[in-house]
Amino acid sequence: MRLDKFLCDMGLGTRTQVKQLIRKGLVTVDGVTALRPEQKVETEQKICVEGKEFSYVEKEYYMLNKPAGCISASSDKNCTTVLDLIKEKKRSDLFPVGRLDKDTEGLLLITNDGNLAHCLLSPRKHVDKTYFARVKGRITKEHVQAFAKGVDIGEAKPSLPAVLKIEKDGEESEVFVTIREGKYHQIKRMFAAVGCQVLFLKRLSMGSLKLDPRLNPGEYRPLTEEELRLLQEETKC
Ligand code: URA
């Protein structure tokens, strides 16, 4: 690949910025100063910028426990994004797989693997997503049945059947909900449809991928090989 592409992919700046680094003589390839952005490089070569080595990584996968208050976007002028939290990222093209609302916490996969993301989000694949929710109001068997049938959330069709499990009922109830689609504000809209308000929402799993309980809100770690293999297997990606 071209040297300027290598450097851009590794997050060293825009094409214009990395070209400047090269033209200033700050980039070496196997110890030799590179002066042409279009120079072809192999990923095994030793590429340094101002003496610091950058190794090429094709794909990155991180599990983030998204905290409330940050947004599921790649960049934003005014607000911390989920990508701002991934301090050790190497690639510049990472993105969150799907969105959680600003006030929602929990599992978010961050990657640059567009194919896997597409498969996980595709409505046709019906990947299960499980959430923990604290809800204002008493959740009853009738709600469980309504969710199992699908509720009217103001779309052409009702929501797909969802599994609602009551953990604690009272004036405020605690539940686990598993849905097989991912419409905008889906969980909040489903509860609103049965007259309840979501007070707290946290995603616990997406397909086989489970939020690591050791991650506090705002913390992340790379996926293990096994976690990635299972995701690829179940989505056939
Ligand atoms: N459903 C919601 O209402 N919000 C989320 O963030 C995720 C699912």
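The values are calculated or read from the model by the stated rules, or taken from the named source; none is laboratory data. Given the structure is predicted, the values throughout are model-derived calculations rather than measurements. Cβ sites come from the backbone with ideal geometry, for glycine too, and all protein chains shown count toward neighbours. Calculation scope for accessible area: heavy atoms of the full protein, side chains included, ligands and nucleic acids excluded. Shrake-Rupley method; radii C 1.70, N 1.55, O 1.52, S 1.80 Å.
Structural remarks
- Only helices enter this figure: runs of n ≥ 4 DSSP H residues, each worth -39500 (n - 2.57), summed and divided by the residues of the chain, yield -6000 deg cm²/dmol at 222 nm to the nearest 500.
- Region 196-235: C-alpha gyration tensor shape, a/c 1.5 cut-off, then a/b vs b/c: oblate
- Net charge in the neighbourhood of CYS70 (other residues with Cβ under 13 Å of its Cβ; Lys, Arg +1, Asp, Glu -1) is -3.
- Using a probe of 1.4 Å, the accessible surface attributed to VAL29 totals some 10 Å² when neighbouring protein chains are kept in position.
- Spin-label model, THR178 to LYS90: label points 7 Å out along the Cα-to-beta-carbon direction sit 3.6 nm apart.
- Extension gain, LYS24 back to GLN145 (0.36 nm per residue minus Cα-Cα distance, nm): 36.9 nm
- Computed with a 1.4 Å probe over protein heavy atoms only, the accessible surface of region 128-206 comes to 54 Å² per residue.
- Each part reduced to its alpha carbon centroid, region 111-136 and region 154-170 end up 16 Å apart.
- Counting Lys and Arg as +1 and Asp and Glu as -1 over every other residue whose Cβ lies under 11 Å from the Cβ of PRO123, the net charge comes to +3.
- Per-residue Karplus couplings for region 212-221, computed as 6.51 cos²θ - 1.76 cosθ + 1.60 with θ equal to phi - 60°, are listed in order as 5, x, 7, 8, 6, x, x, 9, 8, 7 Hz, Gly and Pro entered as x.
- Amide H within-cut-off set for ARG99, under 5 Å, with H built and near neighbours excluded: none
- Length-normalised contact order for the chain - Cα pairs under 8 Å, 6+ apart - percent: 19 percent
- Here the Karplus relation 6.51 cos²θ - 1.76 cosθ + 1.60, evaluated at θ = phi - 60°, turns the backbone of region 186-193 into coupling constants of 4, 5, 4, 5, 5, 5, 4, 5 Hz, with x for every Gly and Pro.
- Which listed pairs, of LYS157/LYS210; LYS102/LYS168; LYS90/LYS210; LYS89/LYS236; LYS24/LYS77; LYS66/LYS87, have C-alpha distances above 18 Å, in listed order: LYS157/LYS210; LYS102/LYS168; LYS90/LYS210; LYS89/LYS236; LYS24/LYS77
- Förster radius 45 Å - calculated FRET efficiency between ARG36 and HIS185, Cβ distance, rounded to 0.05: 0.35
- Global form of region 3-53, assessed from the alpha-carbon gyration tensor, a/c cut-off 1.5: rounded
- Cα shape, region 149-237, gyration tensor, a/c 1.5 rule: oblate
- With Cα atoms, 0 to 90° folded angle of helix 225-235 axis to the chain main axis: 60 degrees
- Annotation: the antiparallel percentage among DSSP beta bridges lying fully within the chain is about 95.
- Cα-projected label distance for GLN45 with THR14, points at 7 Å along beta-carbon direction, nm: 2.6 nm
- Of all the options GLY11, GLY150, GLY51, the one that moves most in a Gaussian network model of the chain with Cα springs shorter than 10 angstrom is GLY51.
- Neighbour net charge for GLU174 - beta-carbon separation under 12 angstrom, K R +1, D E -1: +2
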